[in-house]
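For reference, the structure is listed below as structure tokens.
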Amino acid sequence: MKSAVLVFPGINRERDMARAFREVTGVEPIMVWHTETELPDVDVVAVPGGFSYGDYLRCGAIAARSPIIPALRAHAAAGRHVLGVCNGFQILTETGLLPGALMRNASLRFVCKEVRLRVDNAATAFTSAYAPGQVIRCPIAHGEGNYFADPETLAELEGEGRVVFRYCDAEGRITEAANPNGAVDGIAGIVNAAGNVLGMMPHPENLIEALQGGLDGRGIFESLARAA
Amino acid sequence: MKARVTVTLKHGVLDPQGKAIQGALKSLGFAGVDDVRQGKLIELELATADRAEAQAQLTDMCEKLLANTVIENYRIELI
């Protein structure tokens, strides 16, 4: 499977993302600077986490208007896969490739810890390596991960099974205590209507080898490799 | 021409920052603050002197970048 990782000024998780692709798929991803206007011929484009443009104006707002974005749109429109993590998720909502918005955490605090996620849709190209309803561990590190969408959009997401990950407790229950940022209905990750663009706040790329304390994040990359 | 764009959160969108400000005002002894909503003020200086053209440019800017219309409203003032 061939992959590319977009790099914007202020992004800081691009090497973690590249390492995850390399470790799991055995192929070195191509790093693509934001001023490029063409993408290499790859199966997956990852939009990594960090603080593009210092989160100025809104998280991901400036990056979403970068020269590389039309090529990203074309890649998605062609049905190829796009994985946005953390700031990458924020960038994807700002481009309109994913619905809704990521707002300031309800606690107003930056939250850096490990959470549990429930895989609510294991039939996507990003989650086929997991079992439906499986509870996985995943690190989070964000100040603005409070997912918001209007009621019509939420009904559409729920009705079409497009909520892929939800914050949960160890038993898979969706509770207020297990929700780290106030996201509506505990939403941690969603896909677009076509199912080829995934955005999620947690960092699966940071739980892919024993040294990191677990392998729960590998499933995303294994699923993508299968789908390619 | 100078312009001012005010971006505010839509009604129904929770504003935790506004809530924190409200709490701080209360702790300072300011009673009777029923609600606080925080927004952004963006000041621009435009080359054009034509008000209609400025209005059209600013609307385009708001729709494309300055506001996220999923969660925010914007108001344009020409000064």
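The values are calculated or read from the model by the stated rules, or taken from the named source; none is laboratory data. Fair warning: this is a prediction, and the values are worked out from it, not measured in the lab. Methodologically, a virtual Cβ is constructed for each residue, glycine included, from the backbone with ideal geometry; neighbour enumeration extends over all protein chains shown.
Could you please tell me which pairs satisfy a Cβ distance under 9 Å, a separation of 6+ or placement on different chains, a first residue in segment A:183-194 that is at positive phi and modelled with pLDDT of 95 or more, and a second residue that is acidic (Asp, Glu) and surrounded by fewer than 18 Cβ atoms within 10 Å (Cβ to Cβ)?
A:185/A:158; A:186/A:176
Mind listing whichever residues of segment B:56-79 are surrounded by 15 or more Cβ atoms within 10 Å (Cβ to Cβ), of a type in the set (S, T, N, Q) and either away from chain A (no Cβ under 14 Å) or over 13 Å from the mean Cα position of the chain (by Cα) (or both)?
B:57
For segment A:50-63, give me each residue that is small (Gly, Ala, Ser) and at the interface with another protein chain (Cβ under 9 Å from one of its Cβ atoms).
If we filter segment A:50-63 for residues that are small (Gly, Ala, Ser), which is where we start, we get A:50, A:52, A:54, A:60-61, A:63.
Result: A:61, single match.
Anything in segment A:174-228 that is touching a strand residue (DSSP E or B) at 6+ places or on another chain (Cβ under 7 Å), β-branched (Val, Ile, Thr) and surrounded by fewer than 20 Cβ atoms within 10 Å (Cβ to Cβ)? List them, or say none.
A:174, A:184 - these are the residues of segment A:174-228 that are touching a strand residue (DSSP E or B) at 6+ places or on another chain (Cβ under 7 Å), β-branched (Val, Ile, Thr) and surrounded by fewer than 20 Cβ atoms within 10 Å (Cβ to Cβ).
Filter segment A:127-143 down to residues that are closer than 16 Å to residue A:168 by Cα and aliphatic (A, V, I, L, M) and give me whichever is surrounded by the most Cβ atoms within 10 Å (Cβ to Cβ).
The residue in question is A:136.
Need the failing condition index for residue B:35 against (1) part of a helix (DSSP H, G or I); (2) over 22 Å from residue A:57 (Cα atoms), just the number.
The number of the failed condition is (1).
In segment A:163-182, which residue that is under 17 Å from residue A:113 (Cβ atoms) and among the hydrophobic types (A, V, I, L, M, F, W, C) is nearest to the chain's Cα centre (by Cα)? Walk me through it before giving the result.
In the first step, residues of segment A:163-182 are kept if they are under 17 Å from residue A:113 (Cβ atoms); the result is A:165-170, A:175-182.
Narrowing further to those that are among the hydrophobic types (A, V, I, L, M, F, W, C): A:165, A:168, A:170, A:177-178.
On the way: A:165: 10, A:168: 17, A:170: 21, A:177: 22, A:178: 19 Å.
The extreme case among them is A:165.
How many residues does segment B:45-79 hold that are of a type outside the set (A, V, I, L, M) and part of a strand (DSSP E or B)?
Of the residues in segment B:45-79, 6 are of a type outside the set (A, V, I, L, M) and part of a strand (DSSP E or B).
Hey, among the residues in segment A:142-187 that are touching a Cys at 6+ places or on another chain (Cβ under 8 Å) and of a type in the set (Gly, Ala, Ser), which one's farthest from the other protein chains (Cβ to nearest Cβ)?
That would be A:178.
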